[in-house]
Amino acid sequence: MIEIKVPEFGESIQEVQVATWLKQPGEYVAKEDDLVELESEKASQTLPSPEAGILQEIKVPDGEFANVGDVLCTMEPGDVSAASSAAEATKSSTAGGSTTAVVDAPPTADSANWIMPAAERVLNEYKISADAIQPSGPGGRLLKEDVLNFVKQTGLKPGGAEAAPTPPAKPAAKSHGVQANEWQHVETSGGSREEKVKPMSMIRRTIANRLVEAQQTAALLTTFNEIDMKPVMDLRKKYKEPFLAKHGVKLGFTSFFAKASVEGLKRFPAINAEIRGNDVVWKNYHDIGIAIGGGKGLVVPILRNVEKMSFADVERKIGEYAVMAQENKISPSDIEGGTFTISNGGVYGSLLSTPIINPPQSGILGLHAIQDRPVAVNGEVVIRPMMYVALTYDHRIVDGKEAVTFLKTIKEVLEEPARLFLEV
């Protein structure tokens, strides 16, 4: 029997939360198969199985917390053939007038009663026939939990004797307290309602703490502008096919805003700086966080040294992070650091918002939905695809003039995209 423990996630991470068990007791797990999804305060990651074998016992259930080094589960090592051999026995063995049926064929999708080793031990202990129990495991596997549930329902004792009947439990008194992960009736002024308590995920706790920290420690202010997106949209339409053919990725809007942000941060470096105690730390590099919706919520992986990246590099890296986020494979190192952040609420339909900076950063650029609106161009009213943009900044280090001019720079270079390539 081997123990699977919580691995090291980084120097600052000592506790994780079990998000979801991807395998259940009694299941065969191949080496490197994803076993469980763990969530730290920074990211969500799947833990692969270090060995092939049968998952025996889960020590930390879904939603519970564990420290680095704690045992998550136990596993009986062995390959598929070994697991099958361990389950083989005579089809019927008499003991106390009861028979225990065990199939001697290897596991297949059509197996009706393939008995897992842990389930077989309980069957023998209680002198139960496997034919009496409906298996629930993958491929018709009979799990330990199936047998234990049967024992509970029938009131059997070890050796096959029936347990004394237990009196029905009295219904619990209603109260305002509720148990975790279960809907409970509570009495309120509006009558009987249902409520459910679930532990806040570690990522969500971290997000909550950092957002509150930003509002309590920084002097936040937001400035707005709007951008005529027609020039960028025309450029994308003209070159999207050659760009895809050459680089293997689609040309999106984010690369334009990332490169435009670098141009603005070069002109106004205070927005790329941070306050550290009584000092201001200036940074001669531009690590931009891109907010991406993932399987467990919003994550902000970092594009390192965007000033050295091409448009294709930016789009390719964003694509990689998007896939990793959906599969909950963003690692802590992917989201650490960052000098500036771009958050695109427009993909969800947001027309206007005031984003909150990610401490210790001093600025965040909020993008919004593109909508056709009437605007004045050369004295005439025309319909153009317009986007509102917002810059939230720390007023302790960034002056209003710098913030407004930074946003104006973003507007100028995107309404004349040639500026991005000419650096003017």
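Readers should treat all values here as calculations from the given coordinates under stated rules, not as data from a laboratory. Keep in mind it's a predicted model, so treat the numbers as computed, not measured. Because the Cβ atoms are built from the backbone with ideal geometry, glycine has one as well, and the counts that use them run over all protein chains shown.
Some points to look at:
- Additional length obtainable on full extension of the chain from Glu51 to Asn278, 0.36 nm per residue less Cα span: 76.6 nm
- Anisotropy class assigned to segment 218-422 is oblate, per the alpha carbon gyration tensor with a/c at or over the 1.5 cut-off and a/b no larger than b/c.
- Taking 16 Å as the straight-line reach from the Cα of Lys266, the aspartates and glutamates in range (excluding those fewer than 8 positions away in the same chain) are Glu274, Asp287, Glu307, Asp399, Glu402, Glu412, Glu423.
- Cβ-Cβ FRET estimate between Glu187 and Tyr285, R0 fixed at 60 Å, reported to 0.05: 0.55
- Note on Glu415 and Phe65: the extension gain reaches 121.0 nm, defined as 0.36 nm multiplied by sequence separation minus the Cα-Cα distance.
- Pairs of Lys residues in segment 310-424 that lie 8 or more places apart, or on two chains, and have C-alpha atoms under 29 angstrom apart add up to 4.
- When you restrict to C-alpha pairs under 8 Å that are six or more residues apart and normalise by the size of segment 218-422, the relative contact order lands at 31 percent.
- Cross-link partners of Lys250 among aspartates and glutamates, defined as those whose alpha carbon lies under 17 angstrom from its own and excluding same-chain residues fewer than eight positions apart: Asp234, Glu241, Asp313, Glu315, Glu320.
- Potential lengthening of the chain between Glu327 and Leu22 amounts to 108.5 nm, from the contour at 0.36 nm per residue minus the alpha-carbon distance.
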